[in-house]
Amino acid sequence: MTYKNLLLKSSYFYDLPEELIAQTPIEPRDSSRLLVYRKKSNSIEHKIFHDLPDFLRKGDVLVINNTRVLPARLFGYKDTGAKIEILLQKRIDLKTWEVIAKPFKRLSVGTKVTFSEQLYCTIKEKGDYGSCIIEFEFDGAFEERLDEVGTMPLPPYIHEKLSDKERYQTVYSKVKGSSAAPTAGLHFTPNLIEKIKAMGVEIVEVLLHVGLGTFRPVKEDNILNHQMHSEHIELTEENAKIINKAKSEGRRVIAVGTTSVRVLESCAENGRVKPQKKETEIFIYPSYKFQVVDAIITNFHLPESTLIMLVSAFAGYENTMKIYNTAVNERYRFFSFGDAMLIE
């Protein structure tokens, strides 16, 4: 595969039977399958996620994203009675949000959308791909009004109704702000986390609020023309010190999910991380040189997505296609509620 071809969106396509797209989460969380790919030996093993401790060792640093998903899908009505769907994407200030609105053509600047007697919004700006800037008005606390009317923003490829909203949250979620779950973390249980800690593995929290841009398709044939959506990230000084100490001592830093990868690499400078609280638009694709991440735990991603491009950058393009084709042949479950893989 030439470098020129690696820049083509079509190079990241693979055939996926629709029945392999997981519609519901598996119980218990850590009973999902785990494909283990070892880069050094170019080998694949098939395990269960609760086997993960077998592939960790004392001194490893496991980096998790502690964001919590908002009930970010809202349904409201215009004054005419027309139904409008709003998907919260990114908070700008106390009342102002960037959102995806449907049907986009029915909205104009100044349109008012009512969600309840205590919550409504006004369209302030219209952008591309259905994006708008809106300003909320509400009585009481915004989070309380949102909990009353909002629903979980499940990805568009999931058609089953979620019976338990907590199944679209990681067990370690803390900081509200995401429009989608960091899905690699959905496989962890409290017992598994305690088992990993007891091994002498350090668990470090970072924050990336996942925007709906994570589902936005790459539309440009040349991926260099794709504009990443910015997302808010945070890495504390204390946790940066833990990560840097591990790197200086030759211990592994293992990112749980592509969101944790993006935080670490966004904060990287000369092989170390710096405490940060900022927006990131980092786009990781083949030829990218990783500075911090030594291994990745992640789910199986959509064809032609920026996430499969990130995995290709880490594992190598040919290796990634081998992994995905193997997963299809072995009938793994794909996407948000699907199975996981460890690349080390």
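Assorted remarks:
- Helix-only [θ]222 nm of the chain, DSSP H runs n ≥ 4, -39500 (n - 2.57) each, per residue, nearest 500: -5500 deg cm²/dmol
- In the stretch 114-217, trypsin sites (Lys or Arg not before Pro) in a DSSP loop with at most 15 other beta-carbon atoms within 10 Å: K161, K174
- Taking the fewest neighbouring Cβ atoms within 10 Å as the starting point, the ordered list for L154, L162 is L162, L154.
- Within a straight-line Cα-Cα reach of under 18 Å, K102 can be paired with the following aspartates and glutamates, leaving aside sequence neighbours fewer than 8 residues apart in one chain: D79, E85, E125, D128, E135.
- Sparse-neighbourhood loop sites, trypsin sites (Lys or Arg not before Pro) in the stretch 1-61 - DSSP loop, at most 13 other Cβ within 10 angstrom: K39, K40, R57, K58
- Averaging 1/r across all pairs of distinct Cα atoms in the stretch 297-340 and inverting the result yields a Kirkwood radius of 10.4 Å.
- Reachable lysines, given that their alpha-carbon falls under 16 Å from the alpha-carbon of K245 and they are not under 8 places away in the same chain: K58, K274
- Over all orientations, the stretch 102-189 has a Cα convex hull whose mean projected area works out to 7.5 square nanometres.
- The charge dipole of the stretch 71-119, taken about the Cα centre with unit charges on the Cβ atoms of Lys, Arg (+1) and Asp, Glu (-1), comes to about 180 debye, rounded to the nearest 20.
- Summary value for the chain: 25 percent relative contact order, contacts being C-alpha pairs under 8 angstrom separated by 6+ residues.
- Trypsin sites (Lys or Arg not before Pro) restricted to the stretch 211-269 and DSSP loop, no more than 13 other C-beta within 10 Å: K219
- Furthest towards positive pole of dipole, Y37, L70, G211, structure part the chain, Cβ charges: Y37
- Under a model in which nothing but the beta-carbon of Lys, Arg (+1) and Asp, Glu (-1) is charged, the stretch 1-140 shows a dipole of about 500 debye around its Cα centre.
- Taking Lys and Arg as +1 and Asp and Glu as -1, the other residues whose beta-carbon sits under 11 Å from that of F75 total +2.
- Estimated translational D of the stretch 248-313 in µm²/s (Stokes, Kirkwood radius over Cα pairs; 25 °C; 0.890 mPa s): 196 µm²/s
- When the listed pairs K161/K277; K247/K289; K112/K174; K95/K277 are checked against a 26 Å cut-off, the alpha-carbon distance exceeds it for K161/K277; K112/K174.
- Total formal charge among the other residues, if their Cβ is under 9 angstrom from that of H187, Lys/Arg +1 and Asp/Glu -1: -1
- Potential lengthening between E220 and E85 on full extension [0.36 nm per residue; Cα-Cα distance subtracted]: 45.9 nm
A short reminder: the numbers here are calculations on the coordinates, not readings from a lab. Keep in mind that this is a model prediction, so the values were computed, not measured. Cβ atoms come from the backbone with ideal geometry, glycine included; neighbour counts cover every protein chain shown.
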